[in-house]
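Visitor: The following block contains the structure, expressed as structure tokens.
The values are calculated or read from the model by the stated rules, or taken from the named source; none is laboratory data. This structure is a prediction, so every number in the text was calculated from the model and none was measured. Here the Cβ positions follow ideal geometry from the backbone for every residue, glycine too, while neighbour counts run over all protein chains shown. Note: areas computed on protein heavy atoms with side chains; ligands, DNA, RNA excluded. Shrake-Rupley method; radii C 1.70, N 1.55, O 1.52, S 1.80 Å.
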Amino acid sequence: MEARLTRIDRAELLRYLSYRGGELSEAESEQIARCTERMMQTARPRAVWRLFDLLPDGTLSGCAYRPGGEDIRVLLADCKSVILMAATLGAEADALSRRARSRDMAEAMLLDAAGSAAIENVCDNLCADLAAVLAPAHLTERFSPGYGDMPLTDQIPFFRALDVSRRIGVSLSESCLMLPQKSVTALVGVSDRPQPRRGGGCASCPRRESCAFRKDGKSCGLF
Amino acid sequence: MGKAVDYSEIVILDGAMGTMLQAEGLRAGELPELWNLTQPGRVSAVHRRYVEAGSRVIYTNTFGANRYKIAGCGHDAAELCAAGVRCARAAAKEDTLVALDIGPIGRLLEPLGDLSFDDAYETFREMITAGAEAGADLVVIETMSDLAEVRAAVLAAKENCSLPVWVTMTFEASGRSFVGVTVPTMALTLSGLGVDALGFNCGLGPREQLALLRELREWTDLPLIVKPNAGLPDPATGAYAVTPGDFASVMRDAPALGACLLGGCCGTTPDFIRALSEVTRELRPAKRTAPPRRGVCSATAVAELGGVRVIGERINPTGKPRFQQALRERDLDYIAARAIEQQEAGADILDVNVGLPGLDERAMMRDTVRAIQEVCDLPLQLDSSDPAALEAGLRIYNGKAIVNSVNGKAAVLESILPLCKKYGAAVIGLCMDETGIPQSWEARTAVARRIRDAALSYGIPAEDVFIDCLTLTVSAQQEQAAETLRAVRCVTEELGLHTVLGVSNISFGLPSRETITASFLTQALYAGLDLPIINPNQRAIMDAVAAFRVLSGEDRDSEAYIRRFASPEAQKRAEEDKAPREMTIAGSVMRGLRQETAELTRRALESMSELEVVDHLLIPALDRVGERYERGEIFLPQLINAANAACEGFEIVKKSIARRGGQKLSKGKILLATVQGDLHDIGKNIVRVVLENYGYTVIDLGRDVPPEKIVETAVREEIRLVGLSALMTTTVPSMAETIAALRRSGHDCRVMVGGAVLTADYAAQIGADYYARDAKQSADIAKQVLG
């Protein structure tokens, strides 16, 4: 199963930049298309994943990492196994935006947003491929360290369990941020029944006061 | 060492350790190195099985025994490394070598990551000192993706023990590592640093690694290592695809490609090693006859010697008031932009000179090298006469650099050549000595020969010595042009050395300088010059290079030449050179047109003062764009495009002021920083662009900045407005801490904060004076605080 980048959604890219529907000149549309194209060509998507059995005590069979927090327990309530996955666009994608920075900040921003849309696409594709392989079982949504009440420091044991650095070249900084920046780690539950989106909305989220999505009048869609 | 490796034979290494320990019950994510203390018998048993299978060299179970990976396990790196050596020694036979295994730290080095070179060095030093004391026979640095990290490890080994050092890096089938390192850049850099053997491990199966080996042997004459995986693991089952028999039958071809050190990585077991040992028993590594290819490099790009390689000369303060101002203000972005500009104009290598009286050249060289390497992958030529500044740059320079320069003076040779040798840099030798510049070509050639011989005596190969025969100004010493050309020919043909020449100096004091410079350049290239130091932004000069490359045959089928002159971009460029259309500055800024804004600013300065142009044209234009942004008529990239266009105008104004030595135009100083722990700085960078274009002087401390540094700078620079950004929830406490530190210092300043996770309430809670929702608002706040 290869990591695949198939498209960069223009509307999603614009959403990352808080686009409010103003007029875009031909030159600006061209600039957006050019940045999208460069990101498509430059990104080198890679992914690593492993399937672990979920034991009744909340631990993963044969795995030293134990996912922390109440939210993940609720998400996995109905699951027999869990996928740990990590994906990245690689160092080259980060470099694109970085190189643009000292010459053209607008281009740097567009490239950065294109990268965000691109890594989402890679994760969506991977989950779709996994769902196909694991059918008739069903997958939950992706849940990442730092979401809800799962501490970001879960990244450290998560990285060890998947050997993320060695397998796909992603490192953690001292404060548990990923480098290259356009990278995602996530847990996905595997269940016999279709998994509904979880209720409660933002009100039940411990991060509601500081959420970037909420500030823009959106939600992460997880709750 | 009693048990030296004979590289003219096949030496069998071991196979995977992790794979074997997992079979013994090690769980995913558990620290394998802990077993050196808790289950030493089982670790030794694995080693023993490899020795019995034919391994002459066994790698200790210390791959991840560094202070970062083992944090919190209750033991330190030295303990685990020493125990690892003991486990291996217990299984070793009389002629078995124990290699101290050093893997990646797991953190990314600056400038891409947050780990400093010095911290990486210290991490490796700790492991190596302990391993060497415990009796390791050699140090093997393996599974590396980042050349910067390898350099730190190699220097830590060479400066702290006398053991041989082997290095293997991990590549993908594309021939690049995860961070973009290529086979040639690895080979050039590590051969220069003086490692004892190099090659590949992990990542790929045997067939793919042997394909890369063909490339590697062209670039180095060092002993070669191949240690592939047993294919790739199936994610669901963890099983590897290649069998011991398949593995060995592919690896059988490695000796013919010159490899002498053979083993296996992930997924390989004693069965693989036994099979490998058997099929290679009668074989010897093929001798390589062709001399290796030569060049200089960054971590990701090579300038191979052979054809004409243009060295860009623009990163140099001499005679450039605007550049001097950038140095004094430590405006590294300005310098980095000059690097990218020259790269896009066709430079192959960049000269870096940051010497300015009154400035700490050592710190400036180090910071500039780092800033350029963050955004530009051209090889660099460090230009200084101060050995301390050169060493500061060479130590962190990621790749194989050029040092500019030495000359025939004994004292200079003695102080700088050892640095070139230690860091594996090529060196430029100027044809002058204690007696000055010799006037005849014969005498200059004699100095060149002396420099070459001195370099050879320090162990620097002749291929790494580039001679500068010196260009003198033709309007002052007309007969010297011919002497220089003759010397270039003689050094090239008789000494067989590469030559550099600062070409532009020839035309000083004459009208239409480009005409003379281009003509002299062509003659010098014909005489053998292959490393011209020129201004690549001058099109006529680069046109001469392009033409020469066609006539010399370097530009096959004139492909690059045709691309340069007949492409649609080239024609568009020619059109852009014509005068801009009728437009106002407000219009050109609104549409984000840079060249037009620059040209219109230039014209406006003919009838208005600099201050008038800023206050009556540029700022109002930006204000109008800002209003449209607030109304949602345009979005952020459009605002930034406009700001960039205005920036071109401000640059023209700044140059105009610098030219007449006037007072700097500034509405006040603002300090910006992304707080400690946070690496996401795009928001802060946007704010910077906007503030600068409103005429404020921004001191940008970058990302991951500790509170002390922010306080210290605010006090020293008498900053009245500090802007802090944080993207992650987890780094907001670090922002609160920074604000508290600023208040504690008693320094009188306002603090504005911004970033994805912040809100106005939260900003007030952590003690900020202002919350900036976006870049536009930060400019409004600045206006309020500073006027």
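Visitor: Do any residues of region A:24-66 lose at least 30 Å² of accessible area when the full set of protein chains is present rather than just their chain alone, and if so which, with a 1.4 Å probe?
Guide: By number: A:Glu28, A:Arg44, A:Arg46, A:Trp49, A:Arg50, A:Gly62, A:Ala64.
Visitor: In the protein assembly as shown, what % of DSSP beta bridges are antiparallel (nearest 5)?
Guide: Of those bridges, close to 30 percent are antiparallel.
Visitor: Given region B:295-575, what percent of its DSSP beta bridges are antiparallel, to the nearest 5?
Guide: Restricted to region B:295-575, the bridges split so that about 20 percent are antiparallel.
Visitor: Leaving out ligands and nucleic acids, and using a 1.4 Å probe, what accessible area per residue does chain B come to in Å²?
Guide: Per residue, chain B has 39 Å² of solvent-accessible surface.
Visitor: Would you mind checking the pairs B:Lys684/B:Lys776; A:Lys182/B:Lys684; B:Lys654/B:Lys709; B:Lys400/B:Lys422; A:Lys182/B:Lys709; B:Lys654/B:Lys783 and listing those with alpha carbons more than 23 angstrom apart?
Guide: B:Lys654/B:Lys709; A:Lys182/B:Lys709
Visitor: Check B:Thr268: other-chain or 5+ apart residues with amide H under 5 Å from its amide H, H built from backbone geometry?
Guide: The list, which skips near neighbours in sequence, is B:Ala16, B:Ala230.
Visitor: Let me ask something else. Calculated from DSSP H runs of 4 or more alone, at -39500 (n - 2.57) each and per residue, what is the 222 nm mean residue ellipticity of the protein assembly as shown, nearest 500?
Guide: Dividing the helical sum by the residues of the protein assembly as shown leaves -13500 deg cm²/dmol.
Visitor: Nearest-5 percent of antiparallel DSSP beta bridges in chain B?
Guide: That works out to approximately 10 percent antiparallel.
Visitor: Tell me whether the protein assembly as shown comes out rounded, prolate or oblate; compute the Cα gyration tensor, take square roots of the eigenvalues as a ≥ b ≥ c, and use a/c under 1.5 as the rounded threshold.
Guide: Oblate, because a/c is 1.5 or more while a/b does not exceed b/c.
Visitor: Once you have the Kirkwood Rh of region B:295-575 from its Cα pairs, apply Stokes-Einstein at 10 °C and 1.306 mPa s and quote D in µm²/s.
Guide: 83
Visitor: Of the candidates A:Asp53, A:Asp104, A:Asp124, which one comes out as most mobile in a Gaussian network treatment of chain A with C-alpha springs shorter than 10 Å?
Guide: Answer for the Gaussian network model of chain A: A:Asp104.
Visitor: Which whole-Hz ³J(HN,Hα) couplings does region B:471-483 yield from phi under the Karplus relation 6.51 cos²θ - 1.76 cosθ + 1.60, θ = phi - 60°, glycine and proline marked x?
Guide: My calculation for region B:471-483 gives 8, 9, 6, 6, 6, 9, 10, 4, 6, 6, 4, 5, 5 Hz in order.
Visitor: What are the residues of region B:641-657 that lose 40 Å² or more of accessible area, with a 1.4 Å probe, going from their chain alone to all protein chains?
Guide: B:Asn641
Visitor: Using the Cα centre of region A:10-215 as origin and beta-carbon charges of +1 (Lys, Arg) and -1 (Asp, Glu), tell me which of A:Pro56, A:Leu130, A:Ala77 is placed farthest towards the positive end of the dipole.
Guide: A:Pro56
Visitor: Considering only B:Gln373, A:Met105, A:Tyr19, whose Cα is most displaced toward the positive end of the charge dipole of the protein assembly as shown, charges sitting on Cβ of Lys, Arg (+1) and Asp, Glu (-1)?
Guide: A:Tyr19
Visitor: Tell me the carbon and sulfur percent of the accessible area for region A:10-215, rounded to whole percent, probe radius 1.4 Å.
Guide: Heavy-atom surface of region A:10-215 belonging to carbon and sulfur, 1.4 Å probe: 50 percent.
Visitor: Multiply the residue gap between B:Asp253 and B:Glu79 by 0.36 nm, knock off their C-alpha separation, and tell me the result in nm, one decimal place.
Guide: 58.6 nm
Visitor: Nearest 20 debye, what's the magnitude of the dipole of region B:669-786 about its Cα centre given +1 on Lys and Arg Cβ and -1 on Asp and Glu Cβ?
Guide: Its charge dipole is roughly 180 debye.
Visitor: May I pose another question? How high is the relative contact order of region B:256-323? Use alpha-carbon pairs under 8 Å, at least six apart in sequence, and give a whole percent.
Guide: 24
Visitor: Moving on. Per-residue Cβ counts within 10 Å, from other chains only, averaged over B:87-99: what number is that?
Guide: Average neighbour count from other chains, rounded to a whole number: 0.
Visitor: Could you work out the relative contact order of chain B? I mean the mean sequence separation of Cα pairs under 8 Å and 6+ apart, divided by the number of residues, in percent.
Guide: RCO, chain B: 7 percent.
Visitor: Considering only A:Glu23, A:Glu92, A:Glu120, give the residue with the highest GNM mean-square fluctuation for chain A, with springs between Cα atoms whenever their separation is below 10 Å.
Guide: Of A:Glu23, A:Glu92, A:Glu120, the Gaussian network model singles out A:Glu23 as fluctuating most.
Visitor: Kindly sort B:Phe117, B:Phe124 by accessible area of their heavy atoms, largest first, with the probe set to 1.4 Å.
Guide: B:Phe117, B:Phe124
Visitor: B plus A alone minus the pair: what accessible area, both sides summed, probe 1.4 Å, in Å² to 100?
Guide: Buried area (both sides, nearest 100 Å²): 5100 Å².
Visitor: Nothing charged except the Cβ atoms of Lys and Arg (+1) and of Asp and Glu (-1): what's the magnitude of the dipole of the protein assembly as shown about its Cα centre? Round to the nearest 20 debye.
Guide: 520
Visitor: Over the heavy atoms of B:Asp383, what accessible area does a 1.4 Å probe trace out, to the nearest 10 Å²?
Guide: Here the accessible area works out near 30 Å².
Visitor: A further question follows. List the residues, sorted by chain then number, that are 5 or more residues from B:Ser405 or on another chain and whose placed amide H is less than 5 Å from its amide H.
Guide: Result for B:Ser405 returns B:Ser384.
Visitor: Report the FRET efficiency, 1/(1 + (r/R0)^6), for B:Ala286 and B:Glu52, where r is their Cβ-Cβ distance and R0 is 30 Å, rounded to 0.05.
Guide: Computed FRET efficiency for B:Ala286 and B:Glu52 comes out at 0.55.
Visitor: Put +1 on the Cβ of every Lys and Arg and -1 on every Asp and Glu Cβ in region B:669-786; which of B:Leu758, B:Ala673, B:Thr697 then has its Cα farthest towards the positive end of the dipole?
Guide: Going by the Cα projections, it comes out as B:Thr697.
Visitor: What does the accessible area per residue of region A:10-215 come to in Å², with a 1.4 Å probe and no ligands, DNA or RNA counted?
Guide: 42
Visitor: A further question follows. May I ask you to give the percent of accessible area on chain B that is carbon plus sulfur, with a probe radius of 1.4 Å?
Guide: 49
Visitor: Which whole-number percent gives the relative contact order of region A:36-90, counting Cα pairs below 8 Å spaced six or more residues apart?
Guide: 51
Visitor: If you don't mind, there's one more thing I want to ask. Which residues, if any, in region B:341-389 lose at least 50 square angstrom of accessible heavy-atom surface (probe 1.4 Å) when the other protein chains sit next to their chain rather than the chain being alone?
Guide: B:Glu374, B:Val375
Visitor: Another question, if that's okay. Using the crude model of +1 on Lys and Arg Cβ and -1 on Asp and Glu Cβ, and no other charge, please compute the dipole size for chain A relative to its Cα centre, in debye to 20.
Guide: Value, rounded to 20: 200 debye.
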